[in-house]
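Only one structure is covered here, and it is reproduced in the block below.
Read-outs: derived from the displayed coordinates by stated rules, not from any lab. Note that the structure is a prediction, hence the values are computed from the model and not measured. Quick reminder, even Gly has a Cβ in these numbers, built from the backbone with ideal geometry, and neighbours come from all protein chains shown.
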Amino acid sequence: MKKLVALTLAAVMTVSVLTACGSKETAGSSTPAEGTEADASKEGQDVSKEEAEPEAQEPAKEEEQASDTEGTENAGEGSVSEALADGVLTVGTNAEFPPFEYVDDNGEPDGFDIALIKAIGEKLGVEVKVENMEFDALVASIGSKIDVAIAGMTVTEERQATVDFSDSYYDALQYVIIPEGAEIATAEDLVGKTIGVQLGTTGDFIATDDIEGTTVSQYNKAVDAVNDLINGRVDCVIIDKNPALVFESKFEGQIKALDGAQFDFGVENYAIALPKGDADLAEQINTALKDIKADGTFDELVKTYIEN
Ligand code: ARG
């Protein structure tokens, strides 16, 4: 685990080589996000490398050690978490991030994450209620408006100051979307560019904190960033791999998604964000996740939603 953290840090530091004291602006664009760059610039993309290792863990012990039990009154082992006590797990998401979450033709949130959390709810014997909200509001809403959040959310140290995370369920990487034919191929090419991002995402943190001289246009919806790319208002968009690939095929011929490895971006891990200190909930969700991986459901969902 230490080695992985070191590797990730090395990757982050490689990106940081580009960072000097370039000034940052938040460009107003067609759909400027309300949030501030201060929100975003605080968080780096120190990515924690917690991997889900189904066979290697003994859920009860492992989770008790891993979780911070401060500040909550969790009842004893085997008892029901406060978040589950009413039989409803209220899950926040931001359905602007295909294939992990999007609004389907019936106006309902769907996607890999939604199917995954529903499968987890089934294992836990609770009803899953999905609340669609802005990505940037998710972490702060845990424990009040929502019980947990699933949103292709990368584990970061900054988020871990506010919430706990489940075991990681997916590896990710930031990609760079450019207009077809544009000459952007390396980290150096991003210096000084106008970059579109979804507000409060790791793509935002990279564009804002790690690349020199950028102007960052922050959008509440990733698709608006992509539209502004097509309209020539931004030079590129930094967003996670799978959504980048979905957008590339949706706007085929107009844009191109470039592998983040070309830009020395580090690997990220998606996990479910949980209320801080609810060890019982973390244990139950991690156990359900392991079961879902072990019984083949997880792979089915990957095939249905991601590799289709
Ligand atoms: N993985 C990135 C992050 O955690 C982006 C997630 C955006 N998710 C969404 N549902 N809009 O910051």
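Across the options VAL126, THR162, VAL223, the greatest Cα extent toward the positive end of the charge dipole of region 81-223 (unit charges at beta carbon of Lys, Arg, Asp, Glu) belongs to VAL126. Once the gyration tensor of the Cα atoms in region 225-308 is diagonalised, the equivalent ellipsoid follows with semi-axes of 33, 17, 12 Å, ordered largest first. Going by the alpha-carbon gyration tensor, a ≥ b ≥ c the square roots of its eigenvalues, is region 197-245 rounded (a/c under 1.5) or, if a/c is not under 1.5, prolate (a/b greater than b/c) versus oblate? Note, shape of region 197-245 comes out oblate.
Work out, in µm²/s and without decimals, the Stokes-Einstein translational diffusion coefficient of region 146-259 at 4 °C, 1.567 mPa s, Rh from Kirkwood over C-alpha pairs.
Working: Rh = 14.6 Å.
Estimated via Stokes-Einstein, D reaches 89 µm²/s.
The ranking of LYS303, LYS221 by Cβ neighbour count inside 10 Å, starting from the fewest, reads LYS303, LYS221. Going through the cross-link list LYS250/LYS290; LYS256/LYS293; LYS193/LYS276; LYS129/LYS256; LYS123/LYS276; LYS129/LYS293, which pairs have a Cα-Cα distance over 29 Å in this structure? Over 29 Å Cα-Cα: LYS250/LYS290; LYS256/LYS293; LYS193/LYS276; LYS129/LYS256. Near the amide H of ASN94, within less than 5 Å, lie the amide hydrogens of MET133, all on another chain or at least 5 residues away, with H placed in the peptide plane.
Inter-part distance, region 132-175 to region 191-255, computed on C-alpha centroids, equals 20 Å.
Considering only Cα atoms, the convex hull volume of region 119-181 works out to 148 Å³ per residue.
Treat every Asp and Glu Cβ in region 123-218 as -1 and every Lys and Arg Cβ as +1, leave all other atoms uncharged, and give the resulting dipole magnitude about the Cα centre to the nearest 20 debye.
Taking the Cα centre of region 123-218 as origin, the dipole is about 400 debye.
Take every DSSP beta bridge whose two residues both sit in region 168-273, then give the antiparallel share in percent to the nearest 5. That works out to approximately 60 percent antiparallel.
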